[in-house]
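A.B. asks: One structure follows; several queries about it will come next.
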Amino acid sequence: STSIRIFTATESANSLFYSDVDFASPDGPEGTPFTVLPDAGQDDNMGGNIRDLSADWHSGYLFFINNSGLYSINIDEGSLSEVAPNGVSGLKAHDGWLFYVAGPGLSLYFGTIDSVSGAFNESADSPLEVVSEMSGGPNGIRLFVNPANKHIYIAKEGHPVEIYKSSAVYDSLDSATTFSALLTDGMGDHSYRAFGMGPDGRLFAGGTTGKEPNISKFIAWTDDDGATWDTVNTEIPGIAPGSITCSYDSAYAVYFGTSYSKDMGKAGSWSTIGWQEFETHPNDGAVAVAPFQPGMVTMTTDMGIGASMDYGASIFEIGDGLEAVQINDFDMNAAKTDAWVASKSGVRRVSGYATDYEDWQIFFPNGDGSPYYSVAVDKQRPDTAYAGNVRLYRTFDGGVNWNQVFRTEDYSGDGLDFSSTVKDVAVHPDSSRFVVLGINSRNEGVRGAVFYSFDFGQSWSRVETDVYNTEVNRLAFHVVDEDSFTVYVACEYVSDGTTSSYGVKKIGFRFSDESAHFENDMIGESGGVITNFGANDVDINEFGDVIAAGTNSAGEPRVYGLQADSLKWMSFSTAGFPDQGQATALSWGFDAYSNNVPYVAVNNTLLALDTTFSNWEPMYNYPVGSNINVLYWDDLLVGTGTGLYAQYLSPTGIKDLEKAPGSFELSANYPNPFNPETILQFRLGVNSIVTLSVYDVAGRKIADVVQGVRSAGTHKVTFNASRLASGVYFYRMKARPVNGGRAFVQTRRMLLLK
């Protein structure tokens, strides 16, 4: 074959996408935009928890695990089929065979795949018991067919790891087949969570080594079924992803998240993917290798999906068609004309919101491509904003320049670690010199924290919380007077045996002496402390009434309220809520009759409290997997795993869901890579003066492709590179509305292959 099909799963309501790349053309590879599989779109309610993709080359079917069930699918509508309903923890499709593991204990199920229908024909001898009991549960399991000896290998993450080998080759398994455990003594005192296998049968395991802030990726491998192990510190910083991938060459490359080895994993051969000139950044996610196209690699990036044609030395984006911009936070200025958005793929700023001059820009502060969890804007001066991931960045000029003003790694000796993130940040609404940020740490035994600054983030103090943990999810301001103000802190529910976190904390601040007073207890109506509540969000209305939404330890959604003149929190009615679910976001707002009411997101449903405060009424059901992360009132903006949406009110409730557009956009070129022609496409929100230029990697302008006024709408132009040498080029669009307003500027990368 001269073509490949790329499948990808997203953490969104559009669950599965595919793209076809053809290598037959003498002009170089040509790829189609990513398209949602017909049975795995937002209307199919599969959600965003798909993992362990494995494609069968013979039938063209994709097999995958979703919420522990095993399914098959292809690009045709009506092709989705359930293979196993639950309990599946690992799978492998290989040469017309399907293998997967499930309980009880650890059992291997196997059989053939019909080359036409993709149906699974389970063998009469299936399943085979691998082990009767599995320590730590059936998580983190990988299956391999050894290309050299054809035996099945099953590996489970942990410390120590467990690795098993079948006594028979993959296509001769029967009731007499047994499994033996490989020796792992030579792997050292490390926890491993990733596995892979080279074309020569070399078995790899991957983890991390070192202590914060000096964590690096660590590799072990064996060529003799565990009798001996070699170990290598790659010296590439970062976390350990869930898989290791190898190319198909005899002197193959090995890929482990952002790192890759050009020489079979050996010491001294490791580099970072895209270490040469690049615009997008790889992240520590999945990597896939084209089976018959040497040098072609695809990987997850901060913008979606990237590809390389030179084994990973340089990368470019191929994510055209993927619509899954995960919105994590949103903030607007007081005039509601400007907003900043924190997303999994960068920071976005919109000016002239909801006008004919709406202008969207994308930023990666100081080139930092890590997911952004929080954002805050100066309510009076929207050019001043803060954006947080594992660090906090500040801009005074609308994103032109950024300063790093806080780093979690600076506090690694004070209770934080590499899992600690700036989960929220907020600016005092009347005096922007005060900034507060909240830390959330995913790892057990690692505390959260609240830091504050009275000088625009130049210096920071930590709120003293005594023995109490503050795993921050959200912050909210209440201004008491010109000197005093209160910050309410919504805290995740944590009880891991080392630390505990719960409820809503209260911190009182004063400008006069720059003091901070922490109150831990959330007092309920009976006078007792509310501890069985994890708060995901908190909001305050203009009257000083506070509401908090979250979940108790049983997984039941809960909402609490604190009236402005009260010291006790009251529990809101749960009528209308599902029995189980996460109340992930909330906001004070108004109903169609201008009544001030709370809105809350539970799972994928948006609900409003009726005027009697006794029942939650469903307003809109989003697709499963939408992950509603933030609600913001202006009318109502909803930030989800697939983007930012505007909801409009009617006397009968909320209706007319509309995606808030990025009115200006420079799309990925198509095809990419190309030879010698490619199409450049852009969208204009209003009539604009446009310059679209092409540059080489040294920044020299090669050509002006578009110059002049263009009308609102989508435009396409063909760029011919017949006189240029193979290599990486950049194309940059600047569009300024003809009637005035901020210019939109965006740069993309393309690859010319001759």
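A.B. asks: Scanning the chain for GluC sites (Glu not before Pro) in DSSP loops with at most 15 other Cβ atoms within 10 Å, what's the longest stretch left with none?
C.D. replies: Within the chain, the longest run free of exposed GluC sites (Glu not before Pro) spans 543-754.
A.B. asks: While we're looking at this one, here's another question. Would you pull out the residues with amide H under 5 Å of Ala313's amide H, same chain only if 5 or more places away, H placed 1.01 Å from N?
C.D. replies: Hits under the 5 Å cutoff: Gly274.
A.B. asks: Asp481 to Asn595: FRET efficiency via 1/(1 + (r/R0)^6), r the Cβ-Cβ distance, R0 25 Å, to the nearest 0.05?
C.D. replies: 0.30
A.B. asks: Once both labels are modelled 7 Å past Cα along the beta-carbon direction, what's the Ser573-Asp696 spacing in nm?
C.D. replies: The two pseudo-label positions are separated by 7.1 nm.
A.B. asks: Need the C-alpha centroid separation for the stretch 192-220 versus the stretch 424-460, integer Å.
C.D. replies: Between the Cα centre of the stretch 192-220 and that of the stretch 424-460, the gap is 35 Å.
A.B. asks: Take the stretch 342-409, compute every pairwise Cα distance, and split them into 5 Å bins from 0; I just need the percent in each bin.
C.D. replies: Values per bin, smallest distances first: 4, 18, 29, 26, 14, 6, 2, 1, 0.
A.B. asks: Per residue, what volume in Å³ does the convex hull of the Cα atoms of the stretch 51-181 enclose?
C.D. replies: Per-residue hull volume (Cα only) is 103 Å³.
A.B. asks: A further question follows. Taking neighbour counts of Cβ atoms within 10 Å as a proxy for exposure, in what order, fewest first, do Lys336, Lys165 appear? Before the final figure, lay out each step's value.
C.D. replies: On the way: Lys336 12, Lys165 20.
So the residues, fewest neighbours to most, are Lys336, Lys165.
A.B. asks: Using only Cα atoms, locate the centre of the stretch 1-56 and the centre of the stretch 566-618, then give the distance between them in Å, rounded to an integer.
C.D. replies: The stretch 1-56 and the stretch 566-618 have Cα centres separated by 38 Å.
A.B. asks: Mind listing the long-range amide H neighbours of Asp329? Cut-off is under 5 Å, sequence gap 5 or more, other chains count too, H placed in the peptide plane at 1.01 Å from N.
C.D. replies: Ala342
A.B. asks: Output wanted: per-residue J couplings in Hz (rounded whole) for the stretch 53-68, from phi through Karplus 6.51 cos²θ - 1.76 cosθ + 1.60, θ = phi - 60°, x for Gly and Pro.
C.D. replies: Couplings: 6, 8, 9, 9, 5, 6, 8, x, 8, 9, 10, 7, 9, 9, 6, 6 Hz.
A.B. asks: About the Cα centre of the stretch 51-181, how large is the charge dipole given +1 on each Lys and Arg Cβ and -1 on each Asp and Glu Cβ? Please answer in debye to the nearest 20.
C.D. replies: Details: 6 positive and 15 negative charges, 89 e Å.
Value, rounded to 20: 420 debye.
A.B. asks: I'd like to know which of Phe719, Gln380, Tyr61 lies farthest towards the positive end of the charge dipole of the chain, counting +1 on Cβ of Lys and Arg and -1 on Cβ of Asp and Glu.
C.D. replies: Phe719
A.B. asks: Using only the Cα atoms, what convex hull volume per residue in Å³ does the stretch 329-466 have?
C.D. replies: Hull volume normalised by residue count: 102 Å³.
A.B. asks: Next up: If I model a spin label at Asn86 and Asn401 as a point 7 Å from the Cα along the Cα→Cβ vector, what separation in nanometres do I get?
C.D. replies: Going by the 7 Å Cα→Cβ label model, 5.9 nm.
A.B. asks: When the chain is fully extended, how far beyond the present Cα-Cα distance does Arg51 get from His159, taking 0.36 nm per residue of separation?
C.D. replies: Values: separation 108, 0.36 × 108 = 38.88 nm, distance 2.26 nm.
Going from the current span to full extension adds 36.6 nm.
A.B. asks: Binning every alpha carbon pair distance of the stretch 665-752 at 10 Å from zero, what are the percents per bin?
C.D. replies: Taking every Cα pair in the stretch 665-752, the percentages come to 18, 52, 25, 5, 0.
A.B. asks: Please compute the alpha carbon radius of gyration of the stretch 1-72, then divide it by the globular-protein estimate 2.2 N^0.38 Å. Two decimals is fine.
C.D. replies: So the stretch 1-72 has a normalised radius of gyration of 1.21.
A.B. asks: Checking the table Lys156/Lys217; Lys336/Lys505; Lys344/Lys423 against a 22 Å threshold on Cα-Cα, which pairs fail?
C.D. replies: Lys336/Lys505
A.B. asks: Taking 7 Å along the Cα-to-C-beta vector as the label spot, tell me the Lys266-Ser461 distance in nanometres, rounded to one decimal.
C.D. replies: Calculated label separation equals 5.8 nm.
A.B. asks: For the modelled label position 7 Å from the Cα of Glu122 along Cα-to-Cβ, which residues of the stretch 147-177 have backbone nitrogen atoms closer than 16 Å?
C.D. replies: 174-175
A.B. asks: Further, regarding this structure: Jot down the per residue volume, in cubic angstrom and as a whole number, of the convex hull over the alpha-carbon atoms of the stretch 54-97.
C.D. replies: In the stretch 54-97, the Cα convex hull volume per residue is 65 Å³.
A.B. asks: List, in order, the whole-Hz ³J(HN,Hα) value for each residue of the stretch 147-162 obtained from phi through the Karplus relation with A = 6.51, B = -1.76, C = 1.60 and θ = phi - 60°; use x for Gly and Pro.
C.D. replies: The phi angles translate into x, 8, 10, 6, 8, 8, 10, 10, 10, 10, 5, x, 9, x, 7, 10 Hz.
A.B. asks: Okay, moving on. Sort Asp44, Asp496 so that the residue with the fewest other Cβ atoms within 10 Å of its own Cβ comes first and the one with the most comes last.
C.D. replies: Neighbour counts put them in this order, fewest first: Asp496, Asp44.
A.B. asks: Could you go through the stretch 519-532 in sequence order and give the Karplus-derived ³J(HN,Hα) for each residue, using 6.51 cos²θ - 1.76 cosθ + 1.60 with θ = phi - 60°, rounded to whole Hz, and x for Gly and Pro?
C.D. replies: My calculation for the stretch 519-532 gives 10, 8, 6, 9, 7, x, 5, 7, x, x, 8, 7, 10, 8 Hz in order.
A.B. asks: Given R₀ = 30 Å, FRET efficiency for Leu183-Tyr248 by Cβ-Cβ distance, to 0.05?
C.D. replies: Given R0 = 30 Å and the Cβ-Cβ separation, E is 0.60.
A.B. asks: Hey, what D do you get for the chain in µm²/s if you plug the Kirkwood alpha-carbon radius into Stokes-Einstein at 25 °C and 0.890 mPa s?
C.D. replies: Working: Rh = 27.9 Å.
The diffusion coefficient I find is 88 µm²/s.
A.B. asks: Amide H of Asp95: which non-local residues (sequence gap of 5 or more, or other chain) have their own amide H closer than 5 Å, using H built in the peptide plane?
C.D. replies: Trp57
A.B. asks: Moving to a separate point now. Calculate, in nm to one decimal, what Asn67 and Ser711 gain on full extension: separation in residues at 0.36 nm each, minus their alpha carbon distance.
C.D. replies: 227.1 nm
A.B. asks: Please rank Lys379, Lys701, Lys92, Lys568, fewest neighbouring Cβ atoms within 10 Å first, as an exposure proxy.
C.D. replies: Listed from fewest to most nearby Cβ atoms, that is Lys701, Lys568, Lys379, Lys92.
A.B. asks: What dipole magnitude, in Debye to the nearest 20, does the stretch 184-321 give about its Cα centre under +1 on Lys/Arg Cβ and -1 on Asp/Glu Cβ?
C.D. replies: Here the stretch 184-321 has a charge dipole of around 120 debye.
Since every read-out is calculated from the coordinates, none of them should be taken as a lab result. Because the structure is a prediction, the values reported are computed rather than measured. No Cβ is skipped: glycine too gets one built from the backbone with ideal geometry, and neighbour counts run over all protein chains shown.
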